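Each remark here refers to the structure printed beneath this line.
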There are 2 protein chains.
Amino acid sequence: MERMIESAMERIGSYSVEEYMRLAESFHGHTSPGVLMGGFMVDLAGRLMPEGVLFDAICETASCLPDAIQLLTPCTVGNGWLKIINLGRYALTLYEKHSGQGTRVFLDAARLEPWPELKAWFLKLRPKAEQDEERLLAEIVKAGRGVYGAQAVLVEPRFLQKKSKGAIDICRVCGEAYPVQDGDVCLACQGENLYVFVQPRALSPTEAMPHGAEPPSSAKGYKSKGG
Amino acid sequence: MERMIESAMERIGSYSVEEYMRLAESFHGHTSPGVLMGGFMVDLAGRLMPEGVLFDAICETASCLPDAIQLLTPCTVGNGWLKIINLGRYALTLYEKHSGQGTRVFLDAARLEPWPELKAWFLKLRPKAEQDEERLLAEIVKAGRGVYGAQAVLVEPRFLQKKSKGAIDICRVCGEAYPVQDGDVCLACQGENLYVFVQPRALSPTEAMPHGAEPPSSAKGYKSKGG
């Protein structure tokens, strides 16, 4: 009981666990176990960084954890302060942007023993249908910061330089702007295409929406997948 | 004047332009021209999708635009519904997740002529010190959806399958969990390391924080880089 009260008072960044779970749900679509764990991990890494440091972030997985970083730190993929290097490990690093000195926090598999549901989920020991999601989330909250490891790291110099895209030109094949350093034509027109079919003549917004489509009314702009 | 009133009434998703700019600032760190443009682009793509469709997103640049997608749609990098394939083009695609049918919206360089500040910024025609940020943002708002092109696309089948990480094992070098399909040991221990130095013996949270570091008090959890 004492443990549960302690857990209920646990905070994630400046949020209570419940506030963070609501925030995660609105951004990530649902309160996934990974985003909840990520909250405790980012919180731990942040507490271990010196006060007032301008930090960047590296995430070693593309699953869930990047969203916890984006919710709890100034680092996002779009502003370039979060880099996702998918090494398949559930770990993140916050590091001082000039020196590269930082803290890496990872899920420590050796500390999962007291948490059977968390262990079974994380190591995929049981089919999804046999998982108890409610119990899993409760175990993650009760475990708090206790199942993670922290270590001092110095990140590779390549993460410390801000890459400039350099000069911009218009691709003579597709007619769109692209970084000159990519080559004579843009990467898509060099063959890295993402589409089986592309409408050859693009429409202007007025042509595409002659009567003006209705804007969405839900909180995040568009209908959620979960809803 | 009429044009300005019209622009002021422009909406981005379910937000007014001002609301969206505040949201972008809190998430992205500042109201960047790219995130503001991205708002109009995601809004346009969303309006061109059929009602009630469950869509995924592809972003063809890593700069700014991914954050507009994450703010305005259910798609995030962490939930896997947003894929960033950096082709250096300022474009995004929303597509029905099973069929791959979607709408691609891109900045149409041919439509920039009436907007000198926007054109100079986007095509990097002037050094940053000579840019007028206020005028640039005002031009983006006034241009509204008018500087973008839209086209129907069918995305490559590889984007329609959900990739499973498969079985998980413990890496016998670093002791962390990793996807077995990556090899005998995890990718980091195969040499894709991100760090010049890693503290050999990781600390438990209790060892790392003997007296408990103070949690942050700012809105996004940790001190913003901008502040």
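The values are calculated or read from the model by the stated rules, or taken from the named source; none is laboratory data. Since this is a predicted model, take the numbers as computed values, not measurements. FYI the Cβ positions are ideal-geometry reconstructions off the backbone, even for glycines, and counts take in every protein chain you see. The protein model used for the area step is the full one, side chains on, heavy atoms only, and it has no ligands, DNA or RNA in it. Shrake-Rupley method; radii C 1.70, N 1.55, O 1.52, S 1.80 Å.
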Problem set entry | With DNA, RNA and ligands ignored, accessible area of B:Trp81 (1.4 Å probe; Å², nearest 10) | 50
Exercise. Build a GNM of chain B with springs between Cα atoms under 10 Å: which of B:Asp43, B:Asp56, B:Asp108 gets the top mean-square fluctuation?
Worked result: B:Asp108
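Please work out the average accessible area per residue across the protein assembly as shown, using the 1.4 Å probe convention, and give it in Å². The partial results should precede the final answer.
Details: 20880 Å² over 454 residues.
On a per-residue basis, 46 Å².
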Exercise. Using a basic spin-label model with each label point 7 Å from the Cα along Cα→Cβ, how many nm lie between B:Arg135 and B:Glu51?
Worked result: 4.4
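Kindly sort A:Ile168, A:Ile58 by accessible area of their heavy atoms, largest first, with the probe set to 1.4 Å. Spell out each step's value before the answer.
Working: A:Ile168 35, A:Ile58 0 Å².
Order by accessible area, largest first: A:Ile168, A:Ile58.
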For this session: May I ask you to report, in nm to one decimal and beginning with the shortest, the distances from A:Arg135 to the same position in the other copies, taking label points 7 Å along Cα-to-Cβ?
Result: 6.6
Seminar exercise, completed: Each label sits 7 Å from Cα toward the beta-carbon; between B:Leu123 and A:Val180 the label points are separated, in nm, by 1.3
Problem set entry | Axis-nearest residue in chain B [Cβ, rotation onto A], distance in whole Å | B:Val77, 3
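Let me know the mean shielding of A:106-115 by other chains, meaning the per-residue number of their Cβ atoms within 10 Å of its Cβ.
Working: counts 5, 2, 6, 8, 4, 2, 1, 0, 0, 0.
That works out to 3 on average.
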Problem set entry | Degrees separating the helix A:17-28 axis from the principal Cα axis of chain A, which is the longest one | 20
Seminar exercise, completed: At the level of C-alpha centres, the distance separating the stretch B:62-105 and the stretch A:109-165, in angstrom, is 26
For this session: Positive end of the charge dipole of the stretch B:94-186 (Lys, Arg +1 and Asp, Glu -1 on Cβ, about the Cα centre): tell me which of B:His98, B:Ile140, B:Cys171 has its Cα farthest that way.
Result: B:His98
For this session: Sort shortest first the distances from A:Gly191 to its counterpart in every other copy, using label points 7 Å along the Cα-to-beta-carbon line, and give them in nm.
Result: 2.5
Exercise. What are the distances, in nm and sorted shortest first, from the label point of A:Asn86 to the label points of the same position in each other copy, with each label point placed 7 Å from Cα along the Cα-to-Cβ direction?
Worked result: 1.5
Problem set entry | In order through the stretch B:97-106: 3J(HN,Hα) via Karplus (6.51 cos²θ - 1.76 cosθ + 1.60), integer Hz, x for Gly, Pro | 5, 9, 8, x, 6, x, 10, 9, 10, 9
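If you count, for every residue in B:188-200, the Cβ atoms of partner chains within 10 Å of its Cβ, what is the mean? Kindly include the intermediate steps, with their values, before the conclusion.
Numbers: counts 6, 2, 1, 0, 4, 3, 14, 13, 6, 8, 7, 8, 1.
Mean partner shielding for this stretch: 6.
Counting Lys and Arg as +1 and Asp and Glu as -1, each charge on the Cβ, what is the dipole of chain B about the Cα centre in debye, to the nearest 20? List each step's numbers first, then the result.
Numbers: 25 positive and 28 negative charges, 61 e Å.
Dipole about the Cα centre, nearest 20: 300 debye.
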Exercise. Of A:Phe122, B:Val35, A:Gly13, whose Cα points farthest to the positive end of the dipole of the protein assembly as shown (charges on the beta-carbon: +1 Lys, Arg; -1 Asp, Glu; origin at the Cα centre)?
Worked result: A:Phe122
For this session: With only Lys, Arg, Asp and Glu charged, each at its Cβ (+1 for the first two, -1 for the last two), find how big the charge dipole of the protein assembly as shown is about the Cα centre; round to the nearest 20 debye.
Result: 560
